[in-house]
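Colleague: To start, I am sharing the structure in question, which I have written as structure tokens.
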Amino acid sequence: MTDISVPCWNDVDIEELCNGVRLIAFDLDNTLARSKKPMKDDMAECFSALTSLIDVAVITGGKYALLKSQVVERLTGQANRSHLHLMPTSGTRYYRWGGSDWAPVFAHDLSADDRAKAYESLERNAREQGIWLTHVWGERIEDRGSQITFSALGQLAPIEAKEAWDPTNEKKNRLARAVAADLPHLEVRPGGVSSVDISEKNVDKSFAVRELADILGITVAQIVFVGDRMDPDGNDYPAAKAGTRAVKVTCPNDTVKLCGGIIASLSR
């Protein structure tokens, strides 16, 4: 399939974008918040207001605990939790509000054998490629149940260090290709700015938006998806290829401005 071009947030017609839309979906890191950081006040207010108007999803490569600390715990009193769909680990898990707590809808967990194979391949290939670093911040390979994530600098590395490590994505893409050759029955893809994710085959953000569409009784074309990694190697790109109304941002400040326009349009 031919690559597609995803428009930047300030190049889209907001009224056209919102015409007939049924769900607004977001990536998390560098879209709603900086990596491993909670949403800032302005983003929390916009995001909460949006949930009072329409169904909203967060589809992130991060684990559930991070999604809760970065997004859920920052919701304001205006938020309608029943409109919120949480899809951590690239959509391999799905949680909905049950009235008093968040309940799992599904989880596509990897087998113990596949998790062991993923660990072995990631470490071996990273060492061979010279990217198994001596000093890291926190866990380097994390078992998220439905996803194994390799973080070259560790899960807790400063965002500035992550962004400086592989600005061209060459290291990350090379590692992903090598691991994919070892594990052809699994989905191996570049994740965030310094990570590689492994999950069940064909379970990525395209899977997530299709599942949401089926569950909500809407079409994928009625979903707006906002993310920062919309290049063909990015982990948000599968959602664009699936047929959503994809929009590219570069940081949470862009997302706040885009959300302001969407809220104004939906309120009219």
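The values are calculated or read from the model by the stated rules, or taken from the named source; none is laboratory data. Every value quoted in this text rests on a predicted model; they were computed, and no experiment measured them. Here Cβ is always computed from backbone atoms with ideal geometry, including for glycine, and neighbour counts include all displayed protein chains. Please note that ligands, DNA and RNA were not included when accessible areas were found on the heavy atoms of the full protein model with its side chains. Shrake-Rupley method; radii C 1.70, N 1.55, O 1.52, S 1.80 Å.
Colleague: If I measure Cβ to Cβ between cysteines in the chain, which ones have no partner under 4.7 Å?
Modeller: Lacking a cysteine Cβ partner under 4.7 Å: Cys8, Cys18, Cys251.
Colleague: Given a 1.4 angstrom probe, what's the average accessible area per residue across the chain, in square angstrom?
Modeller: 42 Å²
Colleague: To the nearest 10 Å², what's His185's accessible area with a 1.4 Å probe?
Modeller: Taking all protein chains as shown, His185 has close to 90 Å².
Colleague: I want to verify a result. In a Gaussian network model of the chain, Cα cutoff 10 Å, which of these has the top mean-square fluctuation: Tyr94, Tyr237, Tyr64?
Modeller: Tyr64
Colleague: Given the pairs Lys117/Lys248; Lys36/Lys257; Lys171/Lys201, which span a C-alpha to C-alpha distance of over 24 angstrom in this model?
Modeller: Details: Lys117/Lys248 34 Å; Lys36/Lys257 21 Å; Lys171/Lys201 22 Å.
With Cα atoms farther than 24 Å apart: Lys117/Lys248.
Colleague: What aspartates and glutamates does Lys63 reach when the alpha-carbon gap must be under 12 Å and sequence neighbours fewer than 8 apart in one chain are set aside?
Modeller: By straight Cα distance, Lys63 reaches Asp29, Glu142, Asp143, Asp197.
Colleague: Per 5 Å bin, what is the whole-percent P(r) computed from every C-alpha pair distance within the chain?
Modeller: With 5 Å bins starting at 0, P(r) equals 1, 6, 14, 18, 20, 17, 12, 7, 4, 1, 0, 0.
Colleague: Taking the Cα centre as origin and putting +1 on Lys and Arg beta-carbons and -1 on Asp and Glu beta-carbons, what dipole magnitude results for the chain, to the nearest 20 debye?
Modeller: That gives the chain a dipole magnitude of about 260 debye.
Colleague: Quick check on the chain: helices-only [θ] at 222 nm, where DSSP H runs of length 4 and up contribute -39,500 (n - 2.57) each and the sum goes over total residues. Nearest 500, please.
Modeller: Per the formula, -10500 deg cm²/dmol.
Colleague: Which of the listed residues, Val105, His85, Ser199, is farthest toward the dipole's positive end in region 70-214, when Lys, Arg count +1 and Asp, Glu count -1 at the beta-carbon?
Modeller: Farthest towards the positive end: His85.
Colleague: How much net charge surrounds Asn173 when only the other residues with a Cβ under 12 Å from the Cβ of Asn173 are counted, with Lys and Arg +1 and Asp and Glu -1?
Modeller: Net charge in that neighbourhood comes out at +1.
Colleague: Of all accessible surface on the chain at a 1.4 Å probe, what whole percent is carbon and sulfur?
Modeller: Numbers: 5500 of 11200 Å².
Using a 1.4 Å probe with all protein chains present, the chain comes out at 49 percent carbon and sulfur.
Colleague: Also, quick follow-up: Compare Arg177, Arg268 by solvent-accessible area with a 1.4 Å probe and give them largest first, with all protein chains kept in place.
Modeller: Solvent-accessible surface, decreasing: Arg268, Arg177.
Colleague: Counting only residues 5 or more places away or on other chains, whose amide H sits under 5 Å from the amide H of Ala157 once H atoms are built in the peptide plane?
Modeller: So Ala157 has HN proximity to Trp137.
Colleague: Cα-Cα pairs above 13 Å in region 103-144: how many percent?
Modeller: Cα-Cα pairs of region 103-144 separated by over 13 Å account for 63 percent.
Colleague: Take the Cβ-Cβ distance between Asp233 and Ser52 as r, set R0 to 41 Å, and report the resulting FRET efficiency rounded to the nearest 0.05. Intermediate values should be presented prior to the final figure.
Modeller: Working: r = 35 Å, r/R0 = 0.87.
Given R0 = 41 Å and the Cβ-Cβ separation, E is 0.70.
Colleague: A follow-up question, please. For Asn202 and Thr219, compute 0.36 nm times the residue count separating them, minus their Cα-Cα distance, and round to one decimal in nm.
Modeller: Working: separation 17, 0.36 × 17 = 6.12 nm, distance 1.91 nm.
Length gained, Asn202 through Thr219: 4.2 nm.
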